[in-house]
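Heads up: the structure comes next, in structure tokens.
The values are calculated or read from the model by the stated rules, or taken from the named source; none is laboratory data. Every value quoted in this text rests on a predicted model; they were computed, and no experiment measured them. In this analysis, Cβ positions are derived from the backbone assuming ideal geometry, glycine residues included, and neighbour counts consider all displayed protein chains.
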Amino acid sequence: MTDAESGLPGAQASAAGIFAAELKAQRGRLGWTQVQLGERIGYSGSFISDVERGARWASLDFAQRCDNEMGLPGTLERMHELTRREAYPSWFSPVIPFEAAAVRIHGWALGAVPGLLQTEPYARSVIQARRPEAEDAVIERTVAARMERQAILARASRPLLWYVLHEGPLRHVVGDREIMAGQLDKLIKSAAMPGVVLQVLPFTSHDHAGVEGPIVLYESHSGPAVAYTECYGGGRLVEASDEVADLMTVVGMLRAAALPPRDSLAFMTQIRRDLDDR
């Protein structure tokens, strides 16, 4: 996760409300109760009720099943995309299509574990800490949207994910020790997966090149590489080739200063043991 992924725009409720109203209208058109619709698509009637009240996030799977069962031409799937985009700040939403189309994702994370590698409890804790005034329904929609992004790592054509992680977010307890233990376990498991390369930049590595903020670079077959970087309260999609090349150089310098992948895995495993010993 980059720092801006914790933001929650006020407009999110509008897209969720439109989705909920359309779902209810289409269900009414067919004369189905919430329970009847739920039985047809494999969800409970109470889940349907929560979605129609805007109290629960409707996943892509849910939207597609509703479209198929109701005979709709992708109506709810398109609305789901709008809701998903509005689960992020305006400056991060343009990044989502590049992330989905990427064949290689290179990153540097120094504030928190990257969103693509977060557990759900960790993500929830990060979002709640950033926006303590947000309602539970808004928090849950944002958490669900973040978890849904991770589907790109499960597909057959998944991208190569190569991140350098600062030691700080690995040591700092987010949520509580149980949540942090689960997050470290996921990182350790991810580091052993094909297509995932994780390196740790330890505190002992001085004067590193990444002090100005997090960086993510996206490479795809359909166009030139783009980058995303941010500061507090905002972020920027970088498309100019010279700027992208400069950020790739920064990431390369960080990789050179970080521990090799095998040593990084051992380092994360030791941090996990240290957490149990506290």
Pick from the stretch 81-90, criterion more than 12 Å from the chain's Cα centre (by Cα) and of a type in the set (D, E, K, R), ranking: modelled with the highest pLDDT: Glu81
Lone unmet requirement of (1) part of a loop (DSSP other than H, G, I, E, B); (2) over 15 Å from the mean Cα position of the chain (by Cα) for Ser93: (2)
The stretch 134-162, residues that are modelled with pLDDT of 90 or more and not in a helix (DSSP H, G or I): Arg158, Pro159, Leu160, Leu161, Trp162
Condition check for Val250: part of a helix (DSSP H, G or I), hydrophobic (A, V, I, L, M, F, W, C), touching a residue at least 40 places away in the same chain (Cβ under 8 Å) and out of contact with any Cys (no Cβ under 8 Å at 6 or more places or on another chain): yes
Qualifying residue in the stretch 190-206 (condition: in contact with a strand residue (DSSP E or B) (Cβ under 9 Å, 6 or more places away or on another chain) and assigned to a helix (DSSP H, G or I)): yes
Candidate set from the stretch 34-48 (those that are out of contact with any Gly (no Cβ under 7 Å at 6 or more places or on another chain) and surrounded by fewer than 16 Cβ atoms within 10 Å (Cβ to Cβ)); member that is farthest from Met70 (Cα to Cα): Ser46
Given (1) modelled with pLDDT under 95; (2) under 14 Å from Gln118 (Cβ atoms), index of the condition Leu165 fails: (1)
When residues of the stretch 163-183 are limited to those that are part of a loop (DSSP other than H, G, I, E, B) and either in contact (Cβ under 8 Å) with a residue 60 or more places away in the chain or out of contact with any Phe, Trp or Tyr (no Cβ under 8 Å at 6 or more places or on another chain) (or both), the one surrounded by the most Cβ atoms within 10 Å (Cβ to Cβ): Val174
In the stretch 184-218, residue surrounded by the most Cβ atoms within 10 Å (Cβ to Cβ) [restricted to those that are in contact (Cβ under 8 Å) with a residue 40 or more places away in the chain and of a type in the set (Ser, Thr, Tyr)]: Tyr218
In the stretch 93-118, residue modelled with the lowest pLDDT [restricted to those that are over 14 Å from Trp162 (Cα atoms), surrounded by 22 or more Cβ atoms within 10 Å (Cβ to Cβ) and touching a helix residue (DSSP H, G or I) at 6+ places or on another chain (Cβ under 9 Å)]: Ala112
Residues of the stretch 44-80 satisfying the condition of being out of contact with any Cys (no Cβ under 9 Å at 6 or more places or on another chain) and in a loop (DSSP other than H, G, I, E, B): Ser44, Arg53, Gly54, Ala55, Arg56, Trp57, Ser59, Gly71, Pro73, Gly74
Only listed residue being buried (at least 16 other Cβ atoms within 10 Å of the Cβ) and touching a Lys or Arg at 6+ places or on another chain (Cβ under 6 Å), chosen from Val143, Val138, Val126: Val143
Test: residue in the stretch 267-274 that is aliphatic (A, V, I, L, M) and part of a helix (DSSP H, G or I): yes
Of the criteria (1) in contact (Cβ under 8 Å) with a residue 24 or more places away in the chain; (2) among the acidic types (Asp, Glu); (3) within 18 Å of Pro94 (Cα to Cα), which one Glu243 fails: (1)
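Any residue that is assigned to a strand (DSSP E or B), within 23 Å of the chain's Cα centre (by Cα) and surrounded by fewer than 19 Cβ atoms within 10 Å (Cβ to Cβ) - is there at least one of those in the stretch 224-234?
There is at least one residue in the stretch 224-234 that is assigned to a strand (DSSP E or B), within 23 Å of the chain's Cα centre (by Cα) and surrounded by fewer than 19 Cβ atoms within 10 Å (Cβ to Cβ).
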